[in-house]
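The values are calculated or read from the model by the stated rules, or taken from the named source; none is laboratory data. Here the structure is a predicted model, which is why all the values come from computation and not from measurement. Neighbour counts run over all protein chains shown; Cβ positions are idealised from the backbone, glycine included.
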């Protein structure tokens, strides 16, 4: 799907650019809604708009009548799409929230809050369990802002997938605590894999393996005179076969 690197960047495509233009218009409306500006959706000192399931796209990905199309389509299964996440990073990201530990804030600063999607913290002890089983991650930039790019650890999907397959295969993900296995595999990936920033412009796209370790770099020195931030739409459709298909992702 993504080759040995665990990600694939596709160059400018007019169809993708047309979709990004339509999505940006919708994103501006979404980000301006007072109901979306609360602390649950605007985090890290109001420098990250989380925007899960925020874009009003159809299940084929189209938005405002503009179809979602691009060069990634031949590389992924045909699955219904959820409302895309609208992730907006603002200048100054990340600031430290009042309830955020120093250790978590340092990890966000030093390691870009690197993670594998769908492995969620549960309960007061924040133990991790696999709860979402994505077929792929599709990244579509909406604004031309180079600051605070998504970063990936090249080849990390092999380390993470092997570790999680060993922990979960033949077990119920809902009751299998993967916290320690996940942390150890992530540490190995940091030691073995090169960190790559994905500087993308509208019309480009990036396809990520669902097990690739990825995160968001802190905002550096770039000024954002428009104040709109770095906007990216993310699609993460669910595998038809749930955990078994996810663990077997090629």
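Before moving on, here are some points about what is shown:
- Only one entry of 77, 34, 67, 94 meets the criterion of being modelled with pLDDT under 95 and either on the phi < 0 side of the Ramachandran plot or surrounded by 14 or more Cβ atoms within 10 Å (Cβ to Cβ) (or both), and that entry is 34.
- The single condition among (1) more than 21 Å from residue 51 (Cβ to Cβ); (2) loosely packed, with under 14 Cβ neighbours inside 10 Å that residue 179 does not meet is (2).
- Subset of region 216-250 (residues that are within 30 Å of residue 171 (Cα to Cα), in contact (Cβ under 8 Å) with a residue 40 or more places away in the chain and not in a loop (DSSP other than H, G, I, E, B)): 234, 235, 238, 242, 243, 245, 246, 247
- For the residues 164, 213, 200, the requirement of being in contact (Cβ under 8 Å) with a residue 12 or more places away in the chain, crowded, with 20+ Cβ neighbours inside 10 Å, under 21 Å from the mean Cα position of the chain (by Cα) and closer than 30 Å to residue 25 by Cβ singles out 200.
- Scanning region 144-175 for residues that are touching a helix residue (DSSP H, G or I) at 6+ places or on another chain (Cβ under 7 Å) and in a loop (DSSP other than H, G, I, E, B) yields one hit, 169.
- Inside region 71-117, residues that are over 20 Å from residue 42 (Cα atoms), out of contact with any helix residue (DSSP H, G or I) (no Cβ under 6 Å at 6 or more places or on another chain) and not in a helix (DSSP H, G or I) make up a count of 9.
- Qualifying residue in region 70-80 (condition: farther than 21 Å from residue 240 by Cβ and touching a residue at least 24 places away in the same chain (Cβ under 8 Å)): yes
- One residue stands out in region 1-52 among those that are outside any loop (DSSP other than H, G, I, E, B) and free of Cβ contacts under 8 Å to residues at least 24 places away in the same chain: the one that is nearest to residue 91 (Cα to Cα), namely 42.
- Of the listed requirements (1) surrounded by 13 or more Cβ atoms within 10 Å (Cβ to Cβ); (2) in contact (Cβ under 8 Å) with a residue 24 or more places away in the chain; (3) not in a strand (DSSP E or B), residue 58 misses just one: (2).
- Checking each residue of region 113-122 against the condition of being without any contact (Cβ under 8 Å) to a residue 12 or more places away in the chain and farther than 27 Å from residue 19 by Cα gives at least one match.
- From the options 100, 132, residue that is at pLDDT below 95 and surrounded by 14 or more Cβ atoms within 10 Å (Cβ to Cβ): 100
- Test: residue 206 is outside any loop (DSSP other than H, G, I, E, B), in contact (Cβ under 8 Å) with a residue 12 or more places away in the chain, touching a helix residue (DSSP H, G or I) at 6+ places or on another chain (Cβ under 7 Å) and surrounded by 14 or more Cβ atoms within 10 Å (Cβ to Cβ): no
- Single residue of 184, 220, 189 found to be over 22 Å from residue 24 (Cα atoms), out of contact with any strand residue (DSSP E or B) (no Cβ under 8 Å at 6 or more places or on another chain) and modelled with pLDDT of 95 or more: 184
- Selection count where residues are closer than 14 Å to residue 144 by Cα and surrounded by fewer than 20 Cβ atoms within 10 Å (Cβ to Cβ), scope region 220-236: 7
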